[in-house]
Amino acid sequence: MIKVHKLVKRFGLKTVLKGMDFSVDDGEFVALIGPNGAGKTTFLRILASLARPSMGSVNVAGFNLPKEAADVRRRLGVVSHQPLLYADLTATENLKFYGGMYNLPNLSTRIDEVLEMIGLTKRRNDLVRTYSRGMQQRLAIGRAVLHDPNVILFDEPYTGLDQDASAMLDDVLRTVAARGRTVVMTSHDLARTEDLATRFDVLSRGKIAASATKQDFGSGNLLTFYKNVLEEGKKQ
Amino acid sequence: MKAKPTALKTLDIVSLILLAIATYLALVFAPTERVMGDVQRVFYFHVATAWVGLLGFVVAGVSGIIYLKTQDLKWDLVEQAAVEISLVFFFITIVLGSIWARPIWNTWWTWDPRLTSASIVELIYLAYLMLRQGIEDPDRRARFGAVYTLVGAISVPITFISIRLFRTIHPVVIGNESAAADGGFAMTGDMKTAFFFALFAFTVIFIDLFWNRIRLGQLQQKVEQLKLKVME
Amino acid sequence: MIENKEKRSGNYIRAIGAVAWKDLAAELRSKELLSAMLVFALLVIFIFNFSLELDAKTRTSVTSGVLWATFAFAGTLGLNRSMAIEKDRGCLDGLLLAPVDRSAIYFGKAISNLAFMLIVEAVVLPVYSILYNTNLFQPGLLLVILLGSIGYTAVGTLLSAMSVQTRTRDVMLPILLFPIILPVIIAAVRASGGYLQNLPFDQILPWLNLLIVYDVIFTAIAFMVFDYVVEE
């Protein structure tokens, strides 16, 4: 579903991603973890076609970036730590607007479905301004899956959420992933990540330093695994 | 670190010599104009600096377009160098023009199309430099700079035309035999020599400054690269 | 193939409409931007009133200048706010993630910005008419205002998309915008003044032509370079 080969991203003279290789199969839920400044957000922005790769090839859902960006965008949903919602529109209006941008058929039925899934049907006609952070984040997910994308990218979806809101977000994330979609997520919340994802990749110094499944390091040991990888990176 | 190339060193010296000769031609060699007197001698450098300013303006606009097409930061450097040189030379043009205008038009400043357009260009350049200062990411800085020089390069001629639709009092010296506007005059042979030599000298000076500025920018980049290496 | 093309252009227009619609819908609810623009516009008129002593004699010649200065100042407020809404909550990314050409976003924003300008102008004109007992509702003048506002928002939308991404974004827009839109202001002031003073049409026509040329050129330029302003 996602194939990245020798990806390099430079900002001026600074190289953030240094020949990164990365691939995700159909239906996988991959967690991308790594220290701050490792380039996780940059990488997701490249996958989302919001930033251009400096070198290397990026293929998402069978289309090459940045050449076939419009085809990728149609098959891609993004949730970032910012909600990407308009505060002075209601939930329905926000979804209607994004539906219009994607030119979706049967939009109102689809909006009903999505609102049901994220549990905001009751509040659908309230302004997003009046929503709690958790509700906004759920609506952001609703916006991201509105066009039924094959690939979903989550960039730190737990930022600013309390325990309850995070738990609720977990449920929504599971529902989203259960539909056979391919998911890539970055997060600092290792405990939650461990529950959700099927594979864990550590991004450090602009490359994937290690990749493992839960079976590889045993349940509950993600933190130990992560720390070991970073330690080894320092030794080199 | 690479030493200054010999060709550039030579060009530095040649520029200085040309400037000295141009000064001599303008201040001593050229005959004193009958009506305006010695103040007319400002004219040689006034036009020559304006020419260099215009050259820089065009170079900046063109390299902006090339940058957007190629996304090669080299062209951003060229554009920035052209803008900075053009900024300085248009400023000299405006000051020299004012010195000339005081006794001839009896005013330091007039809202003449050329003078006003040159000042607008100065303002656009200042806005350009401020814009660049407000952006951290070098690629974005280059892209925005290129877009802005391009927009400016298209807007200034339109500004010029629209001011021209007002009445103008700027004298038209070249290509106008009758020299109708107040302060116009016909150039004699020696005047022409001084005039065209000044144009030539300042063009060489432009190339020299341009080269030096681009070299400076490259050195700056190298320093930054080394800094990044040390930090890693 | 043809069907596909038609579908694509249908999508394009629908996306433009969606962007403009959500701006207008949000604004008609919050009225933040319009009320700020309106109050500011009225304050500018008051300041002009006392600084220029707009009595009956000077008024006819000054009115068009006061109007356009007011529109230009109030306009930057609206442009800034309209782009800040996109930038602050990451909505610009949301727009860029949609599978439509980036220029559709530009045209959508430009249309809503133009609508805000026209709404403000539609309030300022009658207020001005009442305050100074002149009739500003002449078809010619309205045409000039429309053409001038189109040029203003065409450039303003592009430049506000840049200024909002800089560190000094609150002060940056007018500095970037005013030197570029000078031809619009000159032509619009002249043309409006022409209509208010009942000058013959052939004296107004060149200014109208200038406005149309400016509108066409800068809409085309913005269409071509908007990609570079929003993409990384």
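The values are calculated or read from the model by the stated rules, or taken from the named source; none is laboratory data. None of these values were measured; they are calculated from a predicted model. Because the Cβ atoms are built from the backbone with ideal geometry, glycine has one as well, and the counts that use them run over all protein chains shown. What goes into the accessible areas is simple: the full protein's heavy atoms, side chains included, and nothing from ligands, DNA or RNA. Shrake-Rupley method; radii C 1.70, N 1.55, O 1.52, S 1.80 Å.
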Within region B:101-118, track down each residue that is open to solvent by 30 Å² or more (accessible area, probe 1.4 Å) and assigned to a helix (DSSP H, G or I).
B:R102, B:P103, B:I104, B:W105, B:R114
Near pairs, Cβ below 8 angstrom, 6+ apart or cross-chain, from region A:131-159 (closer than 29 Å to A:P35 by Cβ and hydroxyl-bearing (S, T, Y)) to any residue that is open to solvent by less than 10 Å² (accessible area, probe 1.4 Å) and not in a helix (DSSP H, G or I)
A:Y158/A:S187
Determine whether region C:25-32 contains at least one residue that is hydroxyl-bearing (S, T, Y) and away from chain A (no Cβ under 11 Å).
no
Report the residue count in region C:43-61 for those that are assigned to a helix (DSSP H, G or I) and buried (at least 17 other Cβ atoms within 10 Å of the Cβ).
3
Flag for B:V223 being at pLDDT 75 or above and either away from chain C (no Cβ under 14 Å) or open to solvent by 40 Å² or more (accessible area, probe 1.4 Å) (or both):
yes
Scanning region A:202-236 for residues that are under 20 Å from A:V184 (Cβ atoms), open to solvent by less than 80 Å² (accessible area, probe 1.4 Å) and either without any contact (Cβ under 8 Å) to a residue 12 or more places away in the chain or touching a helix residue (DSSP H, G or I) at 6+ places or on another chain (Cβ under 7 Å) (or both) gives A:V202, A:L203, A:S204, A:A209, A:A210, A:A212, A:F217, A:L222, A:F225, A:Y226
Conditions: (1) surrounded by fewer than 20 Cβ atoms within 10 Å (Cβ to Cβ); (2) in a strand (DSSP E or B); (3) within 11 Å of another protein chain (Cβ to nearest Cβ). A:G77 meets all but one. Number of the miss?
(1)
Residue in region B:16-23 that is farther than 30 Å from B:G145 by Cα, of a type in the set (G, A, S) and either in contact (Cβ under 8 Å) with a residue 60 or more places away in the chain or open to solvent by 50 Å² or more (accessible area, probe 1.4 Å) (or both) present:
yes
Filtered residues of region C:12-22 (kept if more than 9 Å from chain A (Cβ to nearest Cβ) and not aliphatic (A, V, I, L, M))
C:Y12
Quick one: how many residues across region A:59-73 are surrounded by fewer than 20 Cβ atoms within 10 Å (Cβ to Cβ) and facing another protein chain (nearest Cβ under 8 Å)?
2
Are any residues in region B:122-133 at the interface with another protein chain (Cβ under 7 Å from one of its Cβ atoms) and in contact (Cβ under 8 Å) with a residue 12 or more places away in the chain, and if so, which ones?
B:I124, B:A127, B:L131
Among B:I65, B:I104, B:I94, which is in contact (Cβ under 8 Å) with a residue 40 or more places away in the chain and more than 14 Å from chain C (Cβ to nearest Cβ)?
B:I104
Top-ranked residue in region B:139-167 [being among the small types (G, A, S) and either within 14 Å of chain A (Cβ to nearest Cβ) or under 17 Å from the mean Cα position of the chain (by Cα) (or both); ranked as most open to solvent (accessible area, probe 1.4 Å)]:
B:A153
Modelled with pLDDT under 90 and surrounded by 20 or more Cβ atoms within 10 Å (Cβ to Cβ) - does that describe any residue in region B:26-38?
yes
Selected residue (criterion: surrounded by the fewest Cβ atoms within 10 Å (Cβ to Cβ)) from residues of region C:165-211 that are hydroxyl-bearing (S, T, Y) and in a helix (DSSP H, G or I)
C:Y195
Of the residues A:G37, A:G56, which single one is closer than 30 Å to A:V202 by Cβ, of a type in the set (G, A, S) and open to solvent by 60 Å² or more (accessible area, probe 1.4 Å)?
A:G37
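This table checks each residue for (1) touching a residue at least 40 places away in the same chain (Cβ under 8 Å); (2) in contact with a helix residue (DSSP H, G or I) (Cβ under 6 Å, 6 or more places away or on another chain); (3) assigned to a helix (DSSP H, G or I).
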site	(1), (2), (3)
C:L77	yes, yes, yes
C:E86	yes, yes, yes
C:G94	no, no, yes
C:L131	yes, no, yes
Within region B:210-220, the count of residues that are away from every other protein chain (no Cβ under 14 Å) and open to solvent by 70 Å² or more (accessible area, probe 1.4 Å) comes to 2
Given the structure, is B:D190 modelled with pLDDT of 90 or more, open to solvent by less than 80 Å² (accessible area, probe 1.4 Å) and either among the acidic types (D, E) or closer than 30 Å to C:L210 by Cα (or both)?
no
Yes or no: C:S112 hydroxyl-bearing (S, T, Y), open to solvent by less than 10 Å² (accessible area, probe 1.4 Å) and at pLDDT 95 or above?
yes
Test B:E136 against the criterion of being on the phi < 0 side of the Ramachandran plot, within 14 Å of chain A (Cβ to nearest Cβ) and open to solvent by 40 Å² or more (accessible area, probe 1.4 Å), and give yes or no.
yes
